[in-house]
Amino acid sequence: MLDARPLDATFSALADPTRRAVLARLAQGEATVSELAEPFAMSLPAFSKHLKVLERAGLIEKGRHAQFRPCRLRPQPLKEATDWLEKYRAAWEGRLDRLEAYARQLMENEDGNGKH
């Protein structure tokens, strides 16, 4: 059975709009903690908690360049979440297609019986 903990951590991290915004910014390239925190109206310690959640989920990593610690996106957990969602998307689309075909058949049967 698949260990769901990494997937749980990814979805938990993605549940917060601040963390999603950080990931969107990092998709454009590396940034320092200060650069990432700048657009948010919160203290640096509060913002750092968001970064810790992203790090624990494996979605970001911090590098080292002299005294700077630039953050960068780690795409693998996002790919794993996308793969998981894709499996269920295909199943639900199949069900919705069958439901649509059934509804269309019911409507055609009503029209064929002189009902409107």
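We did not get these values from a lab; they are worked out from the coordinates using the rules stated. What you see is a predicted model; the values in this text were computed from it and never measured. Please note: Cβ atoms are built from the backbone with ideal geometry, for glycine as well, and neighbour counts cover all protein chains shown.
Structure values in brief
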{"read-out": "Subset of the range 77-112 [touching a helix residue (DSSP H, G or I) at 6+ places or on another chain (Cβ under 8 Å) and not aromatic (Phe, Trp, Tyr)]", "value": "Pro77, Leu78, Glu80, Ala81"}
{"read-out": "Condition broken by Ala37, with the remaining ones in (1) of a type outside the set (D, E, K, R); (2) free of Cβ contacts under 8 Å to residues at least 60 places away in the same chain; (3) surrounded by fewer than 18 Cβ atoms within 10 Å (Cβ to Cβ) satisfied", "value": "(3)"}
{"read-out": "Residues satisfying the stated conditions in the range 65-116, i.e. among the basic types (Lys, Arg) and either under 22 Å from the mean Cα position of the chain (by Cα) or closer than 25 Å to Arg25 by Cβ (or both)", "value": "Arg69, Arg72, Arg74, Lys79, Lys87, Arg89"}
{"read-out": "Residues located in the range 25-34, provided they are surrounded by 11 or more Cβ atoms within 10 Å (Cβ to Cβ) and under 21 Å from Leu78 (Cβ atoms)", "value": "Arg25, Leu26, Glu30, Ala31, Val33"}
{"read-out": "Complete set of residues in the range 58-94 that are among the hydrophobic types (A, V, I, L, M, F, W, C) and surrounded by 15 or more Cβ atoms within 10 Å (Cβ to Cβ)", "value": "Leu59, Ile60, Cys71, Leu73, Leu78, Ala81, Trp84"}
{"read-out": "Within the range 24-116, helices (runs of 4 or more DSSP H) holding 1 or more residues that are more than 26 Å from Thr10 (Cβ to Cβ) and of a type outside the set (A, V, I, L, M, F, W, C)", "value": "76-112"}
{"read-out": "Of residues in the range 7-24 being over 8 Å from the mean Cα position of the chain (by Cα) and within 15 Å of Arg74 (Cβ to Cβ), the one surrounded by the most Cβ atoms within 10 Å (Cβ to Cβ)", "value": "Val22"}
